[in-house]
Each structure stands twice: as C-alpha cells, then as structure tokens.
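K.L.:
So that we are looking at the same thing, I have put the structure below in structure tokens.
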Amino acid sequence: MISIPVHVWLPGCADPASAGVLEVDDRSVSFTYGADYLTAGGPSIVGELPARRARHRQSSNLLFPIMQDAGPDSWGEMLLEKRLQHQPTQLELLTLCRADGAGNLVLGALTPDRFETIEIETFIGILNQFEDLAQTDEAYVRLRAIIKEAIDQGTGLGGAKPKLELSDGGMRYIAKFPDIHDDPYLPHVESAMLKLASQCGIQVAVAEVKEVGDHRHPYCLVSRRFDREQLASGVIGRIGYASAHCVNRVEEAMRQYSANELTEFTLKGYSSVQLAKSYPRFAENMRRWCIDREAWESDVRELWRRIVFNALVRNTDDHTKNHGLLCRDMATQHWRLSPAFDIVCGISDLASPALCMPYLYQRAVRHGRNPQAARLVAKANRQDLIKAAVLHYGYEQDEATEVFESMRQIVRSGWREQMITEGMPDSAISRYERNLDRDIAKTWEESD
Ligand SMILES: Nc1ncnc2c1ncn2[C@@H]1O[C@H](COP(=O)(O)OP(=O)(O)O)[C@@H](O)[C@H]1O
Ligand SMILES: [Mg+2]
C-alpha cells in the first residue's frame, strides 16, 4: 500500500492545506480526508469527494480523475522520463512533477524544487543576450540549449507541446512553444484564434505572442493562468480546475471498454467511450457541477458557440483535455466553464471537419418505415450544428441560426486581419486560406 499526501490551496490562501491521504495498492484506490482538515471545516476538494469522515473508494483501481488533472501529459511525462531514466508510473508522474499543474491540488511531498519558477524577465533577459548573435548557427545552438534547460525543469501541466510556467512576480503564465515540426507561427495562429473567438462571444484565456530569440523558432505563446489569482497580499492563490476528461470520467469509460463493445456499438450505433468523450455528455454533467441553473444554461450556450467556432476554424484538436471547468466556490462546489484555450485552425483540406468530440446525439427513431439507429455526430455541418443547438445547448432554432451566421461572418471577415495584427507574414497566412475562407457545408450531401 502506498500512501500519498494530497494538498489543496483553499480560496484566498497562499499556502496549501493538507487535505488528506490517497492510498493505492494493486487492487484499490481510496482517499480519506484528514481529521484536522475536517475539524477546521475544510470544504470538499470536488463534489464527488464530499468532505466527511469516510474512506472514499474508487470503484475501479483508477486514480480519482480530479487528481489526474493535477499532473502532466505527454510533454511533462517525457521530461520526467529523461530525469528518472525510466518510464514514470502514474503515481511518479503526479508526485515528482513540478507543482505547477492545473487546478489547486498537488500530490506528494512539497519539496522546494517542485516550486521553482522562472521570472518572465529573467527568461526573456537570458534570451535577449543572444539577440545580436542569433543569426549564427553557434548562437542558435546555445539559445536552444538555454530554452531547453529552462523547459527541462519539467512541468505538471498537461498537453504535448513544449511549455513551462513563468512568473512575473504577481502572476503566473504558461509559455508554450511550437514543436520542432510545427508551423513556427503557431503561437500567432493560436493568439489570433483566441481573439477571434472572443469576438464571437466566447470567454478566452488572455494570451499574447512573445518573441524569444532566433530566426527558426522565435516565438512562443504566453498565456495568463486562469487557475491562479493574485491575492490581496500579493501572493498567488490557486483555483480548482477539472477537465472535461475528468467531468465525463473518460478513463473509467475506457477501462470498462469490453468485449461487449462491438455488440454495444452495433446495437446503439455508438460506444459508451464515444459518449463519454462527447459534448452533450459534458453539457449534461456540467449541470451537476454548476449549482446555479441560470449559470449552467449560460455556460452550455457558450459551449455550443465554442463547438461552432472549432468547426468554423477547423480546430479538430478539441479533445476532452482542451475543455474544462473552474471552481468558483469550493464551499458550495460551484463550477463554471473555464476560459477557452488551445484553439488552432487546421490546414489540411477540410470542407466539413470532424470535430474531436461529437457534438450531437441523435436518438434512435423507432417508428416509420426506416428505423434509424442512434448516432453521435462529430462531422460538422451547419444543419447538424443548429440541430444540436436546439437539442442540447438551450437555443431556439432561429436564434441558433442567427448566432451561427454572425459567428461565420466574424470568422470569414476577420481571420486574416487578426493574423496580420499578430504579425504573421503573408506567406504564413496563406496556408490557412483554404479553410478559413471556406464555408461549412450546409448538409451532409453538399459536403461530401
Ligand atoms: N491560460 C491557462 N490557464 C490555466 N491553465 C491552462 C491555460 N492554458 C492551458 N492550460 C492548462 O495547460 C494544459 C496544456 O495547455 P494547452 O494549451 O492545451 O497545451 P497543448 O497545446 O500542449 O495541449 C491544458 O490542458 C490546461 O489544463
Ligand atoms: Mg491542449
């Protein structure tokens, strides 16, 4: 049996409190709140783990989803693997990564090395020393080495792109770099998309492109962390975060994937894993996480605008870890949609893009001559998007059509301007023309 301390940053507190202990053995996973935490009136860390004197057991031997969100994905894992010289276990990932993961939980010992953060000024300062030399190969290599060293500290943040947490004293930021094979202007594209999304009535992360050095991969996107806040005392507080992956309990659905899956698919027309990875399921689950009905309705309507935006810009990377909720009130467990992030437009030829998460669940139609199986729709076209707005996301048909048309207009007339404003050269912008100047087909027939 392994026992791991779980720490939580309570609202308004600069220092973490010890919330309880995670216990893991071959067959079971459980979490127990500490007696002191409960006596002091500590709130539930998440609704699914109510603050009471009982051992919370996971039905499967998977870790609690909210705790998984506190640790890294492939990028952080790769760095930790290099450091440990072996493939980290899931528990190593969570307890040895830097304590800069999403949300307000940290697992394992709080050793000082897990808290080191580079000041933005220091980081940019180091890079600037090389500015004059940056045209030479030697400087390029040294510059890359310095960026790499800073990045190599590792991160508890998710995602696959190289990234590190930066501070400017009063706030925390995430600097994200394009991968070696990516368009070097990817940070500009992401920044442009976030601004365009904001014009479409979507709440977005505050981010800007920073120039960080040489002429080959000179830019990164610096995004202000929405799960951190500056407290009155000037220190940093942390806010709970739960990805859609956590909210929809995707790992559990995948674990339950069984030999029956094929039958299930044939009978239902979709699998339970696909459903767990879908927007309608996220919208439905958000109702439990958001205690205020009006707030939930408003968030679900915004979720639909995010779906439409992803479709319009051909962002097909809208997976369950690229959406999430922020805890607005721990005491009442009130969670709201987090600002949108990680939106980039695709460049492959996509008339009607297939979103990563299905957005429309159509029930089986049992009557009539041609009974139709239920289906989960991921391929985006105007007709189905509007149908989904009415079925799942709280719109009337006319209103959905109006919002769709206005977003379509904003994207089509504004994307180029936004990329120019970000400082992208024409040659880089033209790669996005094919998709962004194009309409989403009106129906399946027209699109195929
Ligand atoms: N502005 C932000 N504030 C707080 N957390 C963020 C922010 N942007 C991203 N994240 C978190 O960091 C993770 C990785 O960021 P993301 O932009 O998705 O990187 P990648 O492109 O590598 O997937 C996200 O899944 C999310 O949990
Ligand atoms: Mg991501």
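Read-outs: derived from the displayed coordinates by stated rules, not from any lab. For clarity, every value in this text was computed on a predicted model and none was experimentally measured. All Cβ positions, glycine included, derive from the backbone under ideal geometry; neighbour counts span all protein chains shown.
K.L.:
Helix-only mean residue ellipticity at 222 nm, the chain, DSSP H runs n ≥ 4 weighted -39,500 (n - 2.57), per residue, nearest 500. What is it?
P.N.:
Roughly -10500 deg cm²/dmol at 222 nm, from the helical runs in the chain.
K.L.:
First check a/c for the range 2-110, with a ≥ b ≥ c the square roots of the eigenvalues of its C-alpha gyration tensor; if it is under 1.5, answer rounded, and if not, answer prolate when a/b is larger than b/c or oblate otherwise.
P.N.:
Judged from the Cα gyration tensor, the range 2-110 comes out oblate (a/c at least 1.5, b/c at or above a/b).
K.L.:
Still on this model: Over the chain, what is the relative contact order in percent, taking alpha-carbon pairs closer than 8 angstrom and at least six residues apart?
P.N.:
Answer for the chain is 14 percent.
K.L.:
Quick check on the exposure proxy: order Y270, Y257, Y432 from fewest to most C-beta atoms within 10 angstrom.
P.N.:
Y257, Y270, Y432
K.L.:
For G34, enumerate residues with amide H under 5 Å from its amide H, sequence gap 5+ or separate chain, H modeled in the peptide plane.
P.N.:
Residues meeting the criterion, in which the H sits 1.01 Å from N, are G20, V21.
K.L.:
Next question. Could you pull out every residue, at least 5 positions away or on a different chain, whose amide H is within less than 5 Å of the one on T316? Hs are placed 1.01 Å off N in the peptide plane, and Pro or chain starts have none.
P.N.:
Amide H neighbours of T316: G346.
K.L.:
Something else now. Output ³J(HN,Hα) for the range 382-392: one whole-Hz value per residue in order, computed from phi by the Karplus curve 6.51 cos²θ - 1.76 cosθ + 1.60 with θ = phi - 60°, and x for Gly and Pro.
P.N.:
After applying 6.51 cos²θ - 1.76 cosθ + 1.60, I find 3, 4, 6, 5, 6, 4, 5, 4, 6, 6, 10 Hz.
K.L.:
So what is the diffusion coefficient of the range 240-447 in µm² per second by Stokes-Einstein at 4 °C and 1.567 mPa s, using a Kirkwood Rh over Cα pairs?
P.N.:
Roughly 71 µm²/s, to the nearest whole number.
K.L.:
Turning to a different aspect of this structure: How do D25, D227 line up, fewest other C-beta atoms within 10 Å first?
P.N.:
Final ranking by Cβ density, sparse to dense: D25, D227.
K.L.:
Charges at C-beta only: +1 for Lys and Arg, -1 for Asp and Glu. How large is the resulting dipole of the range 240-447 about its Cα centre, in Debye rounded to 20? List each step's numbers first, then the result.
P.N.:
Numbers: 29 positive and 29 negative charges, 139 e Å.
About 660 debye.
K.L.:
Further, regarding this structure: Give the Rg (one decimal place) followed by the Dmax (whole number) of the chain, computed from C-alpha coordinates and expressed in Å.
P.N.:
Here Rg and the maximum Cα pair distance are 22.8, 74 Å.
K.L.:
Could you give the dipole magnitude of the chain about its Cα centre, charging the beta-carbon of Lys and Arg +1 and that of Asp and Glu -1, in debye to the nearest 20?
P.N.:
1560 debye
K.L.:
Mind listing the phi-derived Karplus ³J(HN,Hα) values for the range 274-290, rounded to whole Hz, using 6.51, -1.76 and 1.60 with θ = phi - 60°, and x for any glycine or proline?
P.N.:
Computed from phi, the couplings for the range 274-290 are 4, 5, 5, 8, 9, 5, x, 5, 5, 4, 5, 5, 4, 4, 6, 7, 10 Hz.
K.L.:
Sticking with this one: Compute the relative contact order of the range 240-447 as a whole-number percentage, counting only Cα pairs closer than 8 Å that sit 6 or more residues apart in sequence.
P.N.:
23 percent
K.L.:
OK, next. Neighbouring Cβ atoms within 10 Å as the yardstick, rank V235, V222, V308 fewest first.
P.N.:
With the sparsest Cβ surroundings first, the list reads V235, V222, V308.
K.L.:
Say the dipole of the range 273-405 comes from +1 at the beta carbon of Lys and Arg and -1 at that of Asp and Glu; which of M330, P358, V308 then lies farthest toward its positive end?
P.N.:
Value computed over the given set: P358.
K.L.:
Run the numbers on the range 2-110 and let me know its relative contact order in percent, using alpha-carbon pairs under 8 Å that are six or more apart. Don't skip to the answer; put the middle values down first.
P.N.:
Numbers: 163 pairs, mean separation 28.1, N = 109.
After rounding, I find 26 percent.
K.L.:
If you don't mind, there's one more thing I want to ask. Using each residue's phi in the range 316-322, evaluate 6.51 cos²θ - 1.76 cosθ + 1.60 at θ = phi - 60° and report the 3J(HN,Hα) Karplus result to the nearest Hz, with x for Gly and Pro.
P.N.:
Values, residue by residue: 9, 10, 8, 7, 5, 9, 9 Hz.
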